[in-house]
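**Q** Let me give you the structure first, and then I'll get to my questions.
No lab work stands behind these numbers, since they all come straight from the coordinates. Not measured: the values here are computed from a predicted model. Cβ: placed from backbone, ideal geometry, glycine included. Neighbour counts: every protein chain shown.
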Amino acid sequence: MEKGYEKLEIYKLARELAIKIHQITLSLPKFEMYEEGSQIRRSAKSIPANIVEGYCLRRHKNEYLQYLHRAFGSCEETKYHLGILFETRSLDNKEVFTELLEKYDHLGKMIFRFVGSVSINHLPPSYIKEPDIEYET
């Protein structure tokens, strides 16, 4: 059974892409596995991780948005690292590069739209009820 964040399309795509990036970096030249390979693995895995953490803190709109913005930033960072790997020819498969770049562009747009939706339509989870506090006067 899927947890709440696992139902989010942005989470599903971000996780799928993070796994692809991880697998691709295992075939990079040895010197890149610990340099650029390590950087792109971290940025790619940061996207779904920030979506999960933000989702768990969604009671607080500003915190939720902060984590979604971090996910967007990590998405852009991952695209940067992809470009560096391709331009240095450490990732020499143009089709793989193009496909990943297009998917990360799409993911970035999805995250950006999701941020807009949360900004406008945010409601705290229904299972959370503010405690009734009575103050003495």
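**Q** Before anything else, pin down the relative contact order of region 5-120: Cα pairs under 8 Å, at least 6 apart, normalised by residue count, whole percent.
**A** Contact order relative to length: 28 percent.
**Q** What value in Å³ per residue do you get for the convex hull of the alpha-carbon atoms in region 12-137?
**A** 118 Å³
**Q** Would you work out which of 64, 104, 93 lies farthest towards the positive end of the dipole of region 5-120? Charges go on Cβ: Lys and Arg +1, Asp and Glu -1.
**A** Value: 64.
**Q** While we're here: Could you sort 81-94, 22-35 so that the peptide with the highest average Cβ count within 10 Å comes first and the rest follow in order?
**A** 81-94, 22-35
**Q** Moving on. Determine which lysines satisfy two conditions relative to residue 30: a Cα distance under 22 Å, and not lying fewer than 8 residues away in the same chain.
**A** List returned: 20, 45, 79, 94.
**Q** Please state the charge dipole magnitude for the chain, taken about the Cα centre, from unit charges on C-beta atoms (+1 on K and R, -1 on D and E), reported in debye and rounded to the nearest 20.
**A** Computed charge dipole of the chain: roughly 260 debye.
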